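Step one of this worksheet: look at the structure below.
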């Protein structure tokens, strides 16, 4: 029986009706014009009604993937920075509005669950998914189950420490992997480099306009041989490669799935990360490991949420 | 109904009859005089018969914890360095000899399972166990289940890399955590230091006899303020603290259990490791984390194996 999957971002709510094999039958999107819990629930409900009406089939349950911290099966978004929420019982609110059971999980867990069931993870019981986008995150699937952790915050690869006392991360702590490798920080580091005047290549690529910088700008400057850009870019590749390889050595998954906008759009960085993983993973854990790229793109979270619903 | 637990080491086989609560009713030990699979199976069977006879109750199944690599539920010791074995179907051999089902798991997994069910992990569904003895190992219990990995080698914390291209580890790879922090390597590093003549304190503690060195010798020299000893000791504490904290950040367990001879017998090192974990674990994963010491000592593997059997 089809279920409803919701992907709740900071600016949009997407809804899809998904069949048991993870195929999207119909989908709809609503912009979040207002961010009060009531308004967001209403936007989700409208997107859901639209998707269900387009699909023309009944749905039996609903899964929601949302950025933030969700303890256990509480259905509560304890911390959701994108929406500015604290302790919002989104699961219960949405369940009352939609008249069906709702399961709420972290957005990366939903995306990983989608890839595991209907994407690059099909057929493997133990999967590790690493995402590098604006932030750095991951998800563990072990014995065919999501590992969510006792507080619902498992997977926080981006906040593992790479340099104790190092660069300050968005989370407030020092020396996190994300502070050197997350998309927001790569943009920040590239802007600092442009402002420093140490990179003529960056100046040319951006015509001096810092707003044009994306993580790909850094990659292009590094490819053009700009020494300062090479340094930042290669450090990010090495740090990600080592952090991911160490997780593989301890988890011994059958499959590693790489995803997220930065890894997907920066082939040079992705290459460096994969080289690092190949070089640093223990031989025993590397045997039989398949490294794959995420297959479902932006739909992974919608599909995974629906399959959990 | 009680079950039989076997702890297969490199020099002894221990057997115990254990009740469903993890209480040892009786135990026995046999030295391994010969190491052929047939001889080892015979020694195990003798220890088992003795334990069963002492307990005076029937047993319904058997679990074995053995050092080595055991793919999935194969019952095969694919690699067992202590015994010099490769691809020995110990589970099937022992099952035929004992006339009951036998489940074979890695020794650290058995020990962790014992602590999880009957020791320092009781009541927590998500537990991470880190052992520092001759080697460095760990075990993940997530959603109440052992995480064994697709090749049966999950948990290999000792072979995560801390310094790419660094010191050679016993496994043949470079820069592994164990190469700096495992008991064997701490002894090796301390002997090198004694031989270098750079540590008058070590010379006094050991009367120059390298064979007297244990990991505790290094700790004593460091406590006495010997600068070179302090450096090795403090590096080991920092590396272990960072490696374990990063696993906690990603796994978000309710409990971390510290065990193994080196950590248990060297309070200074243990203190440094705990300080590192407190300082470097992400705030969200540290919330609600309880750090505990292993409670069952040498019996954890026997108890855990029996509870798996």
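General observations
- Failed criterion for residue B:240 (all others in (1) surrounded by fewer than 22 Cβ atoms within 10 Å (Cβ to Cβ); (2) away from chain A (no Cβ under 11 Å); (3) at pLDDT 95 or above; (4) under 24 Å from residue B:81 (Cβ atoms) hold): (1)
- Among (1) in contact with a helix residue (DSSP H, G or I) (Cβ under 8 Å, 6 or more places away or on another chain); (2) under 23 Å from residue A:128 (Cβ atoms); (3) at pLDDT 95 or above; (4) surrounded by fewer than 23 Cβ atoms within 10 Å (Cβ to Cβ) - the single one residue B:69 does not satisfy: (3)
- Of the residues making up region A:125-142, those that are within 11 Å of another protein chain (Cβ to nearest Cβ) and in contact with a strand residue (DSSP E or B) (Cβ under 6 Å, 6 or more places away or on another chain) are A:126, A:127, A:128, A:130, A:137, A:138, A:139, A:140, A:141, A:142.
- Count of region B:280-302 residues which are more than 10 Å from chain A (Cβ to nearest Cβ) and not in a strand (DSSP E or B): 9
- Scanning region A:266-279 for residues that are surrounded by fewer than 18 Cβ atoms within 10 Å (Cβ to Cβ) and at the interface with chain B (Cβ under 9 Å from one of its Cβ atoms) yields one hit, A:279.
- Any hit, region B:28-39, residues being outside the structural domain of residue B:156 (by TED's automatic domain parsing) and buried (at least 20 other Cβ atoms within 10 Å of the Cβ): no
- Close pairs (6 angstrom Cβ cut-off, 6 or more residues apart or separate chains): on the phi > 0 side of the Ramachandran plot in region B:287-309, in a helix (DSSP H, G or I) anywhere: none
- Filter result for residue A:160 (within 25 Å of residue A:220 (Cα to Cα), surrounded by 24 or more Cβ atoms within 10 Å (Cβ to Cβ) and touching a residue at least 40 places away in the same chain (Cβ under 8 Å)): no
- The conditions of being crowded, with 21+ Cβ neighbours inside 10 Å, free of Cβ contacts under 8 Å to residues at least 40 places away in the same chain, within 14 Å of chain A (Cβ to nearest Cβ) and touching a strand residue (DSSP E or B) at 6+ places or on another chain (Cβ under 9 Å) are not met by residue B:121.
- Candidates A:156, A:173: the one that is under 19 Å from the mean Cα position of the chain (by Cα) and either under 22 Å from residue A:10 (Cβ atoms) or within 14 Å of chain B (Cβ to nearest Cβ) (or both) is A:156.
- Counting only strands (runs of 3 or more DSSP E) that fall entirely inside region A:42-97 and contain at least 2 residues that are within 14 Å of chain B (Cβ to nearest Cβ) and touching a strand residue (DSSP E or B) at 6+ places or on another chain (Cβ under 8 Å), the qualifying elements are A:77-80.
- Scanning region A:218-236 for residues that are surrounded by fewer than 23 Cβ atoms within 10 Å (Cβ to Cβ) and either under 19 Å from residue A:116 (Cα atoms) or touching a residue at least 12 places away in the same chain (Cβ under 8 Å) (or both) returns A:220, A:223, A:224, A:225, A:228, A:232, A:234, A:235.
- Residue count for region A:98-118 under the criterion of being away from chain B (no Cβ under 13 Å) and part of a strand (DSSP E or B): the result is 4.
- Any chance residue A:54 is surrounded by fewer than 19 Cβ atoms within 10 Å (Cβ to Cβ), more than 27 Å from residue B:287 (Cβ to Cβ), in contact (Cβ under 8 Å) with a residue 24 or more places away in the chain and touching a helix residue (DSSP H, G or I) at 6+ places or on another chain (Cβ under 8 Å): no
- Residue among A:258, A:263 that is part of a helix (DSSP H, G or I), touching a strand residue (DSSP E or B) at 6+ places or on another chain (Cβ under 6 Å), away from every other protein chain (no Cβ under 14 Å) and under 25 Å from residue A:298 (Cα atoms): A:263
The values are calculated or read from the model by the stated rules, or taken from the named source; none is laboratory data. These numbers come from a predicted model, not from an experiment. Positions of Cβ are generated from backbone atoms using ideal geometry, with glycine treated the same way; all protein chains shown enter the neighbour counts.
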